[in-house]
Amino acid sequence: MRLTYFTDFGLRALMRMASEPDRSFSTAELAAEFGISRNHLIKVMQRLARGGIIATRRGSGGGVLLARGPAEIRVGDVVRLLEEGQAMVSCFSPREAGCTLTHCCRLRHRLRAAEAAFLAELNRSSLADLALAPEAFAAGSQRPLEPA
């Protein structure tokens, strides 16, 4: 299974935020730290906010912060939220034309089970388990982390 850049960027930002869970971050700051598009990250943050993973604040001292403690946020739940609408295979998508094998396919249920197992395995970890050390983001240590 390959995660989208959308999910990749969201997980990076959340791991960083988990390193300082009481701190508010700006999307510009997070985007700069990871060398990713701020506009793309804003969309990711909007979905995380709608899903109750992060909270947003406006005004002076505003930004984004975790809505709950890092130990309470399960990684599989985050992936499920960020991958919402992304079908593993086209026959899982309601937008796709029907597959000619749907009536006799023996693979479909195995793929569903594999997807569920993947998310269950990720849910064994919380953001607290994946939190990045704040020192890793000291001035001068940043380097772009664009996916290969």
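In the range 91-103, the count of residues that are under 13 Å from Leu48 (Cβ atoms) and either at pLDDT below 95 or not in a loop (DSSP other than H, G, I, E, B) (or both) is zero.
What do you reckon, is Leu127 at pLDDT 90 or above and within 30 Å of Ala18 (Cβ to Cβ)? Yes: the conditions hold for Leu127.
Evaluation of Gly85 against the conditions (1) of a type in the set (Gly, Ala, Ser); (2) within 22 Å of Lys43 (Cα to Cα); (3) modelled with pLDDT under 70 shows that the sole unmet condition is (3). In the set Leu30, Leu65, only one residue is surrounded by 15 or more Cβ atoms within 10 Å (Cβ to Cβ) and outside any helix (DSSP H, G or I); that residue is Leu65.
Within the range 38-53, is there a residue that is of a type in the set (Val, Ile, Thr), part of a loop (DSSP other than H, G, I, E, B) and out of contact with any strand residue (DSSP E or B) (no Cβ under 9 Å at 6 or more places or on another chain)? No; the residues of the range 38-53 include none that is of a type in the set (Val, Ile, Thr), part of a loop (DSSP other than H, G, I, E, B) and out of contact with any strand residue (DSSP E or B) (no Cβ under 9 Å at 6 or more places or on another chain). Leu66 falls short on exactly one of the conditions (1) in contact with a helix residue (DSSP H, G or I) (Cβ under 7 Å, 6 or more places away or on another chain); (2) modelled with pLDDT under 95; (3) not β-branched (Val, Ile, Thr), and that condition is (2).
The values are calculated or read from the model by the stated rules, or taken from the named source; none is laboratory data. Not measured: the values here are computed from a predicted model. For neighbour counting, all protein chains shown are included, and Cβ atoms are generated from backbone atoms with ideal geometry for every residue, glycine included.
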